[in-house]
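Encoded as structure tokens, the structure appears first; notes follow it.
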Amino acid sequence: MIRFILQFVTLTALVLVSALGYRLLINEDARYDIFDLLKGRPVTAVLGAGAPVVAQAADGKPLLRAVPLDLNNTGVLEEVNTALSDLTDAVVPSVVSIDTTTEVNVSRVVPADPWGLFGVRRNQRYEAPGLGSGVIVTEEGHIVTNHHVVAGVDKIKVTAHDGSIYEAEWVGSDPNVDVAILKLLPPEGGTLPKFRPLGFGNSDHVRVGEMVLAVGNPFGLNETVTRGIISAKQRELSDGSNEYFQVDAVINPGNSGGPLVNVRGEIVGINVAIFTGQQDVRVWQGIGLAIPANEVREVFEAIVLGRPLIRGYMGLELENISRNIALALGLSSTKGAVITNVVEGSPAETAGLKPGDVIVQIADKEVTRAEDALARIRSRKAGQETTVQIIRKGKTLETNVAVIAKSDTNTLQLRSDISANGQSIAEALGIQVGDLTPQQRMALGLQENNAAIIITDVKDGSQAAQQFRPGDLIHRINQDPVTDVQTFYDALGSLPQDKPTVMYLSRGGRIIRALLHP
């Protein structure tokens with residue numbers, strides 16, 4: 001007990017001595033203790049009501065000093081900042097948002113009895129939306145975008161910078177380069193305004209490290225602008241693909257088809273993809289890809305202006321290697337492309353290539369199929385020596401082929417070609433068609449918005465003669481309404497020729513379903 005009392009007295013004495021020392025050594029205005037708390041004295045009274053606390057050394061000099069920034073030399077940065085904003089203001093009005101609609105048929109089985117033993121197959125039709133970007137390149141409303149943005153779609157709508165929405169028609173594409181050209185259509189009963197186009201820059205002069213802006217509509221967020229640099233040139237996604245610019249500007253889904261512009265506001269590329277690396281990693285990794293502007297301009301000029309599309313040419317006809325071909329040639333794999341013909345006097349003949357040779361590498365890149373080889377040949381520039389590795393009678397050989405330039409229309413898909421194909425199909429069926437005049441519509445009781453054209457003639461002995469008569473009205477092909485003769489030819493020309501087609505007609509008010517095999 002006595003021991004406990006002594007310990008308590010000793011502890012109390014230590015506390016009192018410490019408190020006395022605190023009062024004697026620390027300025028009253030700078031200290032804060034239990035008595036201040038009991039009195040209700042605010043803490044800010046001790047801390048100087050928000051005044052900066054400066055740590056001091058033993059000699060009283062401050063250890064940390066807040067040095068005001070010298071902001072007198074920001075003129076260059078402000079000029080750069082203003083220039084970037086001005087550049088954005090100049091570029092964004094030429095960038096558009098592209099919304100597409102694709103009609104999809106889905107077949108499902110509906111149970112026909114309570115136990116689900118029997119069912120009825122029914123087709124359901126729904127519209128699948130798509131999203132992309134594009135850039136206006138002419139005052140008349142021609143738009144450059146990616147082929148994969150509009151490939152196979154049924155409807156295309158374009159939203160301009162001012163919010164105006166236009167329907168657009170597909171003019172043509174080069175699927176190998178992944179470039180498509182659209183044309184804005186005037187509103188019903190109206191005209192198109194003059195648009196502000198962006199010009200093409202020379203992508204051959206683009207340097208690694210050059211600053212660029214990527215503009216587009218990622219995830220539907222209109223007119224998104226990201227900044228970066230050209231990280232690398234001549235990037236490839238596969239052995240048979242084209243070469244791309246690599247950029248570190250943020251590119252996300254929806255950016256496809258938007259422009260990559262330099263500091264002068266010129267198009268130096270068309271954004272096409274984002275490289276995600278590992279398939280399970282879905283975050284931005286700073287690797288975007290863009291099609292060089294020179295390739296885009298060549299496709300545009302070929303489709304819109306009718307100029308020849310110049311590609312690399314060796315003079316080869318190639319086929320994929322089937323199992324039978326592999327067995328016949330003694331190959332251990334079906335990878336590669338077999339030469340079926342060598343054009344006389346061509347660079348390939350000069351280099352010694354022969355029918356039966358199997359191409360396995362071009363320009364040190366593996367060839368897995370004929371399409372890869374043709375794409376790689378077309379991407380070569382005129383006069384460029386290209387190494388070709390072949391297998392001939394079981395031996396691996398290499399030869400250098402001097403590529404030459406040659407006009408190439410095989411890679412282009414044009415709306416005019418589709419229309420011409422539709423006309424040839426109609427001729428093969430044995431029918432001639434025409435648009436309805438206002439007088440004919442009035443006599444038939446058809447409104448202006450009722451889709452219909454008239455069959456003006458049917459060729460004797462033709463496939464059409466078995467079902468059609470002059471005067472019949474054509475309303476639909478499959479599910480596509482036929483509003484005029486041009487639409488009719490376009491619909492016929494774009495149909496797969498290995499599948500039957502249903503044409504909906506009327507005769508004397510009676511609906512006729514005609515099954516055709518174009």
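The values are calculated or read from the model by the stated rules, or taken from the named source; none is laboratory data. It should be emphasised that the depicted structure is a prediction, and the values quoted were computed from it without experimental measurement. Cβ sites come from the backbone with ideal geometry, for glycine too, and all protein chains shown count toward neighbours.
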Take the residues of segment 477-494 that are in contact (Cβ under 8 Å) with a residue 60 or more places away in the chain and part of a helix (DSSP H, G or I): which is nearest to residue 453 (Cα to Cα)? 488
Exactly one of 489, 504 is surrounded by 14 or more Cβ atoms within 10 Å (Cβ to Cβ), of a type in the set (Ser, Thr, Tyr) and over 30 Å from residue 179 (Cα atoms), and that residue is 504
Quick check on this structure: which one of 290, 273 is under 15 Å from residue 216 (Cα atoms) and modelled with pLDDT under 70? 273
When segment 441-458 is checked residue by residue, the ones that are over 19 Å from residue 487 (Cα atoms) and exposed (fewer than 15 other Cβ atoms within 10 Å of the Cβ) are 442, 443, 445
If a residue has to be touching a residue at least 60 places away in the same chain (Cβ under 8 Å), assigned to a loop (DSSP other than H, G, I, E, B) and of a type outside the set (Gly, Ala, Ser) to count, how many in segment 394-415 make the cut? 5
For segment 347-363, what are the residues that are in a loop (DSSP other than H, G, I, E, B) and over 36 Å from the mean Cα position of the chain (by Cα)? 351, 352, 353, 354, 355, 356, 357
Return only the number of the condition from (1) loosely packed, with under 15 Cβ neighbours inside 10 Å; (2) closer than 29 Å to residue 152 by Cα; (3) of a type in the set (Lys, Arg) that residue 510 does not satisfy. (2)
If residue 418 passes every condition in (1) surrounded by 13 or more Cβ atoms within 10 Å (Cβ to Cβ); (2) part of a strand (DSSP E or B) but one, which one does it miss? (2)
Which numbered condition in (1) more than 30 Å from residue 328 (Cα to Cα); (2) crowded, with 16+ Cβ neighbours inside 10 Å; (3) under 37 Å from the mean Cα position of the chain (by Cα) is the only one that residue 429 fails? (3)
Pull up segment 134-170, narrow it to residues that are buried (at least 19 other Cβ atoms within 10 Å of the Cβ) and farther than 15 Å from residue 185 by Cβ, then point me to the one that is farthest from the chain's Cα centre (by Cα). 137
Only one of (1) more than 32 Å from the chain's Cα centre (by Cα); (2) in a loop (DSSP other than H, G, I, E, B); (3) more than 12 Å from residue 318 (Cβ to Cβ); (4) not acidic (Asp, Glu) fails for residue 391. Which number is that? (2)
Given (1) at pLDDT below 90; (2) under 16 Å from residue 254 (Cβ atoms), residue 154 misses just (2)
